[in-house]
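Asker: I have a structure I would like to understand better, so I am pasting it below and will then ask my questions one at a time.
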């Protein structure tokens, strides 16, 4: 019994964070960031003609919790973002879509990721670098609060990614990641009664994909604190939803409302504190 208890204590002692420059054992972090968020919608049946775009400044808070043991990593991450910017769009009830409407736009969006990875280099005994092949589940949720048409949009996907750290010396490492997100399902909900629609637009989107990458560094300072700086880029391309049984109560020419093809570009600079 005492031997078993000793082995359990020894295991957790090895797992507890060791202040290693490279991720190892039990690790956690919290970070802040800022950047640029761009969202676009298109008419796919008119050679991707313009519908609207949003250009925003974003502010980001992020957190990460993970465990690495025997070259296997399990990691969860969560971030919250608020974005303030300019909406540029066509008139919803104008058939030729030539008039431009401008307004201040505010929205928030969130990411949640749960991944399992394996260190390919660690399996060969490499100690100054890591290369994790990883996958899991990812969920992206966006909420619009500043227009009469309140919107919720969520994407469920499976990320397939490579994440690497290369140790330059005892104080610095170069960090990078690239991920392809296999799109599983998108859900769009617009509360349409306040915008002259006969009901809510509640549809599923089944076509699309996402990409995400970052490049940065990690630094261990004299106080043995480990901090990181990253430049992160994220892209989404989502196809048209099926038309819903929702019509305009203002214009008889606006029928068969659907959520159009859209793209998102998100660029963020993050500063991350390990603890």
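Every number here is computed from the coordinates shown, using simple stated rules; none is lab data. Because the structure is a prediction, the values reported are computed rather than measured. As a convention, Cβ positions derive from the backbone with ideal geometry for all residues, glycine included, and neighbour counts pool all protein chains shown.
Asker: To the nearest 0.05, how large is the calculated FRET efficiency for residue 69 and residue 222 if R₀ is 22 Å and r is the Cβ-Cβ distance?
Answerer: 0.15
Asker: How do 69, 263, 144 rank when sorted from fewest to most other Cβ atoms within 10 Å of their own Cβ? Please report the intermediate quantities before stating the final value.
Answerer: Working: 69 13, 263 16, 144 20.
Fewest-to-most ranking of 69, 263, 144: 69, 263, 144.
Asker: Rounded to the nearest 0.05, what FRET efficiency is calculated for residue 84 and residue 235 with R0 set to 30 Å and r the Cβ-Cβ distance? Spell out each step's value before the answer.
Answerer: Details: r = 21 Å, r/R0 = 0.71.
Taking R0 as 30 Å, the efficiency between residue 84 and residue 235 is 0.90.
Asker: Once you have all Cα-Cα distances for the stretch 169-241, histogram them in 10 Å bins from zero and send the whole-percent values.
Answerer: Whole-percent P(r) values from 0 Å outward: 17, 25, 21, 18, 13, 6, 1.
Asker: Right, something else. Describe numerically, in nm with one decimal, the distance between label points set 7 Å from Cα along Cα→Cβ at residue 126 and at residue 258.
Answerer: Result: 4.6 nm between the two label points.
Asker: Hey, if you drop one equal point scatterer on each alpha-carbon of the stretch 100-214 and run the Debye formula without solvent, what base-10 log of I(q)/I(0) do you get at q = 0.09 Å⁻¹?
Answerer: Relative scattering, expressed as log10 I(q)/I(0), comes to -0.40.
Asker: Something else about it: Mind giving me the FRET efficiency for residue 245 and residue 145? R0 is 35 Å, r the Cβ-Cβ distance, nearest 0.05 is fine.
Answerer: The calculated FRET efficiency here is 0.85.
Asker: Taking neighbour Cβ counts within 10 Å as the exposure measure, how do 246, 82 sort from fewest upward?
Answerer: Exposure proxy ranking, most exposed first: 82, 246.
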